[in-house]
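All remarks here apply to the structure that follows.
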Amino acid sequence: MTADAPVTISVVMPAYNAAHLLPRVLTPLIEMLKAGEVTEVLVVDDRSTDNTADLAREMGATVLTTPQNGGPGLARNLAADHAKGEVLWFVDSDVIAWPDGPARLRAAFAEPNVGAVFGSYDAEPAGTTWFTRYKNLLHRYHHQTAKREAVTFWAGCGAVRKDVFLEVGGFDVETYEVPSIEDIELGYRIVGSGRRILVEPELLGKHLKIWTIRNGMFTDIFRRALPWSRLMIAREGLTDDLNAAATERLKAVVAGLLLLSVLAFPFAPGAFWPAVLALLALAVAGNLGLARVLYENGGLRVAVPGLLYHQLFFVYCGVVYVWCLFEYHVLGRKKKLRVARD
């Protein structure tokens with residue numbers, strides 16, 4: 001592709017019981033359609049029990065329906081079979097895409113050998129609780145500070161050349177029956193096919209999801225850390241990318257030592273405060289970038305609990321990775337990659 005080559009874009013939005021979100025997330029996409037910025041807006045109804053399909057159709061989208069409730073991966077694969085555009089722009093049903101998205105995609109895909117592009121959440125997530133802000137801003141931080149060329153993919157607001165998507169086989173919906181790391185795994189295959197994946201920090205979307213500690217921890221462990229660790233171990237290599245980068249692993253070691261120091265207090269109270277203060281200083285120093293993002297977009301009420309929780313996040317993700325190493329090398333579960341429904 002040359003810099004002036006036209007790129008036709010099909011927006012793909014998988015949706016399940018998303019009627020309450022459509023007025024916010026679908027309206028800007030329909031405006032892009034009317035302005036000729038995108039070729040079509042495909043809403044794939046994943047067998048919703050509300051009026052998602054009817055409302056999407058009324059708003060001007062083309063509606064497809066999955067043969068059974070199969071999750072966003074199945075919905076996106078179905079859309080790829082029907083899409084008219086050269087590029088599949090995946091936008092989640094809880095993400096409001098910024099209006100300059102099509103222009104940024106065209107510019108990115110004009111570069112040589114680009115197979116996929118993904119962006120970032122914006123700095124103002126809809127939720128106001130400290131945990132929701134922390135989760136969304138953490139995601140933004142990793143994408144804003146990532147290397148420009150990635151080895152994984154993100155489907156919340158990301159795009160793939162349709163021919164590349166079909167060539168590599170689309171999303172693996174047999175291994176990943178529920179929303180998990182199917183987009184990360186797809187990225188590995190795109191890069192393995194010889195194409196580039198670009199991170200475009202200004203390809204933005206506003207995330208509407210409200211996180212709680214309970215659903216956040218469940219997602220981190222069972223929908224991210226476990227399947228991604230198993231995938232990396234099965235591929236015989238750690239990914240030096242995004243939140244699995246080498247620097248992040250070092251921060252996890254510090255967080256683990258901090259927890260061990262706290263647990264050791266009854267056995268060595270005299271050494272407690274020096275060790276804890278030294279490790280806290282290391283933890284803060286190692287996360288100054290994230291601390292700045294949390295503070296600038298949420299103040300101390302987000303930055304303080306967010307940084308403290310982030311140490312716990314490092315610990316349980318690290319424990320999961322160690323467990324997966326034990327599972328793979330000691331227990332011999334070398335094919336246990338499937339992420340099934342609860």
**OP:** Step through the residues of segment 73-83 one at a time and calculate ³J(HN,Hα) from phi using the Karplus curve (6.51 cos²θ - 1.76 cosθ + 1.60, θ = phi - 60°), rounding each to whole Hz and writing x for Gly and Pro.
**Re:** x, 4, 4, 5, 4, 4, 4, 4, 6, 10, 5
Original post:
Along segment 314-326, what does the Karplus equation 6.51 cos²θ - 1.76 cosθ + 1.60 (θ = phi - 60°) give for ³J(HN,Hα), rounded to whole Hz, x for Gly and Pro?
Top reply: 4, 5, 6, 5, x, 4, 4, 5, 4, 4, 5, 4, 4
Subject >> Amide hydrogen neighbours beyond the local backbone of Leu64, cut-off 5 Å, H modeled >> reply: Val43, Val44, Asp45
Subject >> Entries of Lys34/Lys147; Lys34/Lys135; Lys162/Lys206; Lys147/Lys206 with Cα pairs more than 31 Å apart >> reply: Lys34/Lys147; Lys34/Lys135
Original post:
What list of ³J(HN,Hα) couplings, whole Hz, do you get for segment 208-215 from phi and the Karplus terms 6.51, -1.76, 1.60, once you set θ to phi - 60° and write x for glycine and proline?
Top reply: 9, 5, 9, 9, 10, 4, 5, 6
Subject >> Extended-chain gain in nm, criterion 0.36 nm per residue less alpha-carbon gap, Asn51 and Lys84 >> reply: 9.3 nm
Original post:
Which FRET efficiency, nearest 0.05, do Asn17 and Leu166 yield, Cβ-Cβ r, R0 35 Å?
Top reply: 0.75
**OP:** Determine the percent antiparallel among the DSSP beta bridges restricted to segment 9-211, to the nearest 5.
**Re:** 40
Original post:
Given segment 9-211, what whole percent of its Cα pairs are spread farther than 28 Å?
Top reply: 19
Original post:
Tell me, what is the FRET efficiency for Trp323 and Glu174 to the nearest 0.05, using R0 = 22 angstrom and their Cβ-Cβ distance as r?
Top reply: 0.40
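Just so you know, all these numbers are worked out from the coordinates, no wet-lab data involved. Fair warning: this is a prediction, and the values are worked out from it, not measured in the lab. Don't worry about glycine lacking a Cβ; one is built from the backbone with ideal geometry, like all the others, and counts go over all protein chains shown.
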